[in-house]
Structures are given as structure tokens and as C-alpha cells.
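This report concerns only the one structure given below.
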Amino acid sequence: MNMRLMPKSFIYIALLLGSLAVLFPLLYTLSTSLMSEAESAVYPPPLLPEAVNLSNFAKVIDTIPVLTFIGNSLVVSIAIMLGQIVTASLAAYAFAFLRFPGKTLLFSLFLATMMIPWEVIMIPNYLTVKNLNWLDTYQGLIIPFLATAFGTFLLRQTFLQLPKELFEAARVDGCGHVRVFLSMVLPLSIPGIATLGVYSFLNNWNMYLWPLLTTNRVEMRTVQIGIGMLQFEEMNSWNLILSGVLLLLLPSLLLLALGLKPLVRGITAGALKG
Amino acid sequence: MMMEKEFTLPSPGHSLSPNVNEPEVSTAAKPVSIKRTRRREILLAYACLAPSLLIFGLFLFYPLLKSVYLSLFLTDPQGRVAEFVGFDNFREILASDMFYTSFGNTLLFIVLTVPTGMAAAILLAALTHNKLKGMKIFRFIFSLPMAVSVGTGSMIWMILYHPTLGILNYFLTLLGTQPVQWLTDPKWAMISVALMTVWMNLGFNYILMLSGMQGVSEDIYDSTKIDGSGPLRTFFRITMPLISPTLFFTSVVSVIGAFQAFGQINILTKGGPMNSTNVMVFNIYQDAFVNFRFGIGSAQALILFAIILLLTVFQFKFVEKKVHYQ
């Protein structure tokens, strides 16, 4: 919208109202997580805590293995993120710079994988992982997600936007594909790789159904599933539940704060503009 | 499809191999080494694709075929095939009321979440797409829900929705309205789940819309300003058509995403009350992983796949015609 034609005060009022609506659940979480148990049980619900009270966080860590959940989610999300960057950048290099028979066919095959909904392959995948005895293991949570068509497209698009002359010159000088890939293409594509990294990390951090199916032992649960334990253990202490929620939110909030810019730019450059 | 449009294969000119321009073959000076370079390039290409193809093969293509296979069988609780039943699983599903209930619920969920989610994202993106002070902060705020996952988001909203002590009902009483049984009243449960979903999806939708608007050239706005076009007119006549590829992309992604909603329903309502939030994926989950009827579950998943595919094809065939590509 061409907002420059509207009075500034109007825009700011609208933005503040919008922010309040979007932020309210998060501010409520923050505020309640600092309350004492008595305070959080009062009706009408107080909006702000009387005093900042950090003991809830310690109590949550004592009650449920929050740190184990965060650790599991970190291991899984980082492993998948790195794996996807490796597999997608290799495949993207082949599609962008190499000539080989079957290229069109394989590329269509990659495209087609984006059309397969997770639900359709979930049951056989569960059975596969179960037969491999991978239930309750990191490999069961990680390996099925190590390759991504979306990431391959995103990086291929990034690679094709790099100046071709540079690589041609390098090739003439006798620089092999491996060196061109490692010492030129990858370093020049860091913004695109960062986009894929942030996107993939957030996606995997937020994964719900697969870890629910494939993990049973508490020690292997990830954040999204573990959070449900608070519901049963401390159903009446909202301050504790919301402290736990806040603890589990922190890593992804931090990553979004760091990664928002490449994410917006990357989606513009890679996925939407034709 | 939009993705295909831009992901078309590169012309051979993109290739880095030194023998792009074929005549080398006729020079005949070093035909063997050229052949070897060529072969090495092909080998390298397959080696680069191998890891992705291996994973896709094991966890995408094989299970896709296995799903079709399972859907024709009855299985024991271990997932082992017990008896070939042909299309009986499909017949049973199509004859059950639960299937139509969950299908109807899924459509209702889409209608409740997709248009509202997109409208809210467009409005906020339009408000922050200007060069006033403090926009960076607002952009961060509106992207924040993207970091909130379905697990944590559902827990927060469960507490907000608490029937007697929840703050949403407290606000309603302040306004003089009757409190609402958000998650336990069959009339309200789906609306509540949808409201939470719209909030949770807002971050990603907002980022998509903002990216789309940032892709529109500034010159266009400058010229409309000179022509004396008002903000609303400019928005509907200029901005909306120019970001229509983004709108289209977002609508496709949102509809597919809505079909796949599961976490918030599992945490907030478990499909209840009275099956009012029992959507298709939840139903598949129940059949396959609670009742261990993997055959029925696979058949349902394939029906869901067919519905999503048809709808996506429909979107591309009819809606995309109205999309304006620059």
C-alpha cells in the first residue's frame, strides 16, 4: 500500500495496535512466567507481575528435563540443517554447472518430490524406521530429512545468479570443479546458504508429528513433544508452564532475530521473483 | 506452476565445462582427453546428486509406492501385511461418516484460516512497507510468530483459552459479553483452533508478503503519486496486481499447510468436542497410530493426497490465469 500518502500518525497507531495483537500472547507468556504461583492463580488475571521472579525457570528445569529437550532439538535441527546444506549445495552445483545425461528428468524428479505430502509417506517411513530399530534414536529423527528439493532449488537459483565469467576464467586456469565449488561458488553464495539454514533450522525445530511418532523415551523427546509434559505435570501452575514455554522458545527467537534479514532477502531472490 | 516457470533448466551456456562449444571434437588433437573430461564431468554430476537421490529414494519414493501397496492390504499391529483386500479399504473409508465429518472439518478449517491469515499478513506488510522510522522493529515483531512452533504456541493459547480463568474470557467480561467455552463448545472449538493457527502462521505469511512488496519497483509508486492516486486506489489497482504472484504462492502454500494441520489439534482438542475438530490428518493419525490400522490409514492418506493434488491443479489452472507476472 502506498502508505506515504497517509498521515504518519495514522500509520503508527495502526502499527501499534497490530503489534499489540501479535505480541499479546508472547507478552502474556513473558509476564506470567515471572509471576509467583499465587499471583498467576488470581482472578481477574493480573497483567504484570508484582516483582520479577526468576525462580520459575529453575523450578521448570527441576520438574521436566527441559535442557535435555533443548539439547535433543538442537542436535536434530543442526544436524538436519548442515546435512541439507551439504546435499542441496552438491545437487544444486550439478544442476547449475554440470552437463550430464538425464539432467532434465532428474530435475523434474526433484520438482515432483515437493508435491508429495508428508502424510502419504509417513506410515511407511514409520514402519521403515521401526524395522531399522531406529525408534528413539537420533538417526531416526535426522536421516529421513537430510535431503531437500526446496533447498536444492533455492541454492541452484543462487548459484545461477553468480557471475559466470569468474568460473570460466578459473576453469581456463586449470581450476577443477571441486576447487571451483569449494573455494568460489560456496563462499559467494553465503547469503543463499544462510537463508536455507535459517529456514531449515526453524522448520525442523518446529517439527511435531514425526518426533511424536518415533520417540517414546523421555530422554529422546524433542522440545515440541516435551513441552506437552508440562501440561500433565504442572497443570495448575500456569507460571511454570509458561516459563517452560519461554525457555523452549528462546533458541528459535534468537535465531529469527539473527536470521530475519537473510530470510526476507533470500525468499525474495530465490523463491518468488521469476 | 510458478516454481517451474523460474526453475527452468539452464541453457548449456551455463555449464562451466571448457568444452561447451562442441567443435573441440573436430580438432582431433586430444580427443581422448576430452572424452575423459566429459566422462569425469558426468561422474561428478552423479556423485553430487547421489546423496539427495539416496535419501529421496529411501524416504520419499519407496514409501510412496509402499503407501499404495499398504492401502490394498489389512495389516497386523506391527505393520506386517496380513491380507490382500483390494479396494475394500477405500470403500470402507468412503462409506464411513467419520471420513465426511473430517473432510468437512478440514474444509471449514481452510476457510477459517487461509483468507484471514492472508488478509492480516497483507495489511501488516502494507503498513510496514514504507520508509518511516522504527519500521525494522515492527517488521521484527510481525515476523515473530514464525519462531513460535506448534507445540509452544498451542500451550500458550491453551492457557489464554482457559474457560474460567483465561484472560480472553476476562477481556470478554470486561466488554460485557458472555464468556465463551473456547475449546469445549463444539460451536467454538474449530474457531478457536483456527484463531490460534492464523496467529501462528502470521510470521511466515507476513515475510512472504513483505518480500513480494519489496520486489515492486519504487518508480511505479512515484508515478502514481504524480498522477494523484490515493492510497487505497494505489493499493488495489497497483500493489495488489503487482504482488499477485506472491498472493498466489501464499494461497497455495497456505491451503496445503491447512490440509496438514495436526499439532495444534492434537494438543488443544484431540479432535473433539464431538469430533468438531477432527480434521483429515488427525483422523489418519488415529487410524494408523492409535488403532494400528495402517492399511486404512494409508488409503486415507492417498485420498488426502488426491484431494490436495486436485485442488492445487485447480488453483494453477484457474486462479493463476488472474496472476500478473512482470
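Quick notes on this structure:
- Filter result for A:Gly18 (crowded, with 16+ Cβ neighbours inside 10 Å, at pLDDT 85 or above, farther than 30 Å from B:Ala120 by Cα and at the interface with chain B (Cβ under 10 Å from one of its Cβ atoms)): no
- Among residues of the range B:228-250 that are closer than 15 Å to B:Leu127 by Cα, those with a Cβ under 6 angstrom from a residue that is open to solvent by 30 Å² or more (accessible area, probe 1.4 Å), sequence gap 6+ or separate chain, pair up as B:Pro231/A:Leu5; B:Pro231/A:Met6.
- Unique match (being at the interface with chain B (Cβ under 8 Å from one of its Cβ atoms), open to solvent by 40 Å² or more (accessible area, probe 1.4 Å) and in a helix (DSSP H, G or I)) among A:Tyr28, A:Tyr12, A:Tyr43: A:Tyr12
- Residue within the range A:227-248 that is closer than 26 Å to A:Val86 by Cα, touching a residue at least 40 places away in the same chain (Cβ under 8 Å) and not acidic (Asp, Glu) present: no
- Options B:Pro63, B:Pro51: the member that is open to solvent by 40 Å² or more (accessible area, probe 1.4 Å) and assigned to a helix (DSSP H, G or I): B:Pro51
- Per the conditions (1) within 29 Å of A:Thr222 (Cα to Cα); (2) more than 7 Å from chain B (Cβ to nearest Cβ), the sole criterion not satisfied by A:Ala92 is (1).
Yes/no matrix, rows are residues, columns are (1) open to solvent by 50 Å² or more (accessible area, probe 1.4 Å); (2) in a helix (DSSP H, G or I); (3) of a type in the set (Ser, Thr, Tyr); (4) more than 21 Å from A:Leu260 (Cα to Cα):
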| position | (1), (2), (3), (4) |
| --- | --- |
| B:Asn201 | yes, yes, no, no |
| B:Gly228 | yes, no, no, yes |
| B:Val253 | yes, yes, no, no |
| B:Gly257 | no, yes, no, yes |
| B:Asn266 | no, yes, no, yes |
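- Flag if B:Val279 is farther than 22 Å from A:Thr113 by Cβ, surrounded by fewer than 20 Cβ atoms within 10 Å (Cβ to Cβ) and β-branched (Val, Ile, Thr): no
- Top-ranked residue of the range B:213-225 - restricted to ones that are open to solvent by 10 Å² or more (accessible area, probe 1.4 Å) and assigned to a helix (DSSP H, G or I), ranked as nearest to B:Thr116 (Cα to Cα): B:Gln214
- The lone criterion from (1) over 30 Å from A:Pro187 (Cβ atoms); (2) away from every other protein chain (no Cβ under 12 Å); (3) of a type outside the set (Lys, Arg) left unmet by A:Met81 is number (1).
- In the range B:262-283, the qualifying residues are those that are of a type in the set (S, T, N, Q) and under 20 Å from A:Val120 (Cβ atoms), and the one that is modelled with the lowest pLDDT is B:Asn266.
- Being among the aliphatic types (A, V, I, L, M), in contact with a helix residue (DSSP H, G or I) (Cβ under 8 Å, 6 or more places away or on another chain) and modelled with pLDDT under 85 is a property that holds for B:Ile238.
- Taking the listed residues B:Leu60, B:Leu65, the one that is closer than 30 Å to B:Phe249 by Cβ, within 20 Å of the chain's Cα centre (by Cα) and modelled with pLDDT under 95 is B:Leu60, with no other qualifying.
- Counting only helices (runs of 4 or more DSSP H) that fall entirely inside the range B:70-180 and contain at least 2 residues that are open to solvent by less than 10 Å² (accessible area, probe 1.4 Å) and within 8 Å of chain A (Cβ to nearest Cβ), the qualifying elements are B:97-128, B:135-143, B:150-160.
- Of all residues in the range A:98-123, those that are part of a helix (DSSP H, G or I) and open to solvent by 50 Å² or more (accessible area, probe 1.4 Å) total 5.
- Identity of the residue in the range B:286-318, buried (at least 22 other Cβ atoms within 10 Å of the Cβ) and more than 7 Å from every other protein chain (Cβ to nearest Cβ), that ends up farthest from B:Arg80 (Cα to Cα): B:Gln300
The values are calculated or read from the model by the stated rules, or taken from the named source; none is laboratory data. As the structure is a computational prediction, the values presented were derived from the model and not from experiment. Cβ sites come from the backbone with ideal geometry, for glycine too, and all protein chains shown count toward neighbours. We work out accessible area using only protein heavy atoms, side chains counted, and drop any ligands, DNA or RNA first. Shrake-Rupley method; radii C 1.70, N 1.55, O 1.52, S 1.80 Å.
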